[in-house]
Amino acid sequence: MDDFYSKEFNVNTWLNKKLGSVVETELLDSNSLRTKIDSLSVELHQDIVKTNDEIESIVQQIIGQLPKVQRDIEVTNHEILKLQEDISSGLADAENVQSKTTASMSTLEKLDNVKTKLVTTSVALQEADKWTTLAKQIEQFLDSGDVHKSYECILGMEKTLLALNKTQTEERRLILEEMKNRLEALATKHLILAFDTNNTENSHYFFTMFTNIERTKQFIKYFQDSEKNKLGQEWRKVVEIMSFKEASTKFYDMLIDHWHAKILIVILRFNGVR
């Protein structure tokens, strides 16, 4: 039967192969040929019956396995449905967690805003209390003529204003400006004394003070007035003892030396001021 499964199977070739030995014998007769053909027929019939039996067996096996396949399909479908339910449940849980997380974040943001406002309010109250204390102290220092302590109070009051909101600072700025004017008036005589005695250390201290209280222009004006007065006094001295021509030459030389000295002081102590 293996010959039948070949792709190159040919009936004539197969018959010639099976009957060839009979045809080639010298004793060929019709009876021998018929006998051989009958034998092949019986053999073919047996092979056909055997093949049918095998096919029947395979079919029965397949039929027997169909319920199991069907059950496997049902189990698989059930597992698929269960998986779909689990996925849907997971998605719902995720949405629920996201919703709760969003709500929690919103609550945290609100709490953080409240905390920030409380901290800001607390700082503002502390700074307002500092302002009140400094405002009382500076009155005492100004009345007693303490320039240094008054200056420190003004610096503290300016720092306090930065921590207060605009509605709280307007009136306080006016008060602070008045305190600066009073400090300027109090410090002026000390500043002029520093100029007149050529005390560069005190002059630099008052330069820093006047700059920080926004009185740089006034500082320069006081410096110019002091220099004019000193130069005027020197001119009057030399013109009283010399002729006008000699006094002019003397004063010119003195003026050049004076300005060279002042320029050096300005460079060393007041760099950037013109």
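The values are calculated or read from the model by the stated rules, or taken from the named source; none is laboratory data. From a predicted model like this one, the values you see are computed outputs, not experimental measurements. Note: ideal-geometry Cβ built from the backbone for every residue, glycine included; neighbour counts use all protein chains shown. Note: accessible area is taken over every heavy atom of the protein model, side chains too, but ligands, DNA and RNA are not part of it. Shrake-Rupley method; radii C 1.70, N 1.55, O 1.52, S 1.80 Å.
Can you tell me which residue among VAL22, VAL49, VAL42 is over 60 Å from the mean Cα position of the chain (by Cα) and at pLDDT below 75?
None of the other options fit; the residue is VAL22.
I'd like the full set of residues that are in contact (Cβ under 8 Å) with a residue 24 or more places away in the chain and not aromatic (Phe, Trp, Tyr), limited to segment 203-224.
Answer for segment 203-224, where residues must be in contact (Cβ under 8 Å) with a residue 24 or more places away in the chain and not aromatic (Phe, Trp, Tyr): SER203, HIS204, MET209, ASN212, ILE213, GLU214, ARG215, THR216, GLN218, ILE220.
One line per residue, one yes/no per condition, for (1) at pLDDT below 80; (2) surrounded by 10 or more Cβ atoms within 10 Å (Cβ to Cβ):
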site: LYS68; (1), (2): yes, no
site: ASP86; (1), (2): no, yes
site: SER99; (1), (2): yes, yes
site: LYS136; (1), (2): no, yes
site: GLN140; (1), (2): no, yes
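How many residues are modelled with pLDDT under 70 and either touching a strand residue (DSSP E or B) at 6+ places or on another chain (Cβ under 8 Å) or open to solvent by less than 100 Å² (accessible area, probe 1.4 Å) (or both) if we restrict to segment 112-126?
Number satisfying all stated conditions: 7.
Matching residues to (1) polar (S, T, N, Q); (2) surrounded by fewer than 17 Cβ atoms within 10 Å (Cβ to Cβ); (3) within 60 Å of the chain's Cα centre (by Cα):
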residue	(1), (2), (3)
ARG215	no, no, yes
PHE223	no, no, yes
GLN233	yes, yes, no
GLU246	no, yes, no
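Quick check on THR169: is it open to solvent by less than 50 Å² (accessible area, probe 1.4 Å), at pLDDT below 90 and assigned to a helix (DSSP H, G or I)?
When the stated conditions are applied, THR169 passes them.
Collect the residues in segment 203-213 that are surrounded by fewer than 18 Cβ atoms within 10 Å (Cβ to Cβ) and at pLDDT 90 or above, keeping them in residue-number order.
Across segment 203-213, the qualifying residues are THR208, THR211, ASN212.
So which of GLN218, GLN224, GLN233 is over 25 Å from GLY156 (Cβ atoms) and at pLDDT 85 or above?
GLN224
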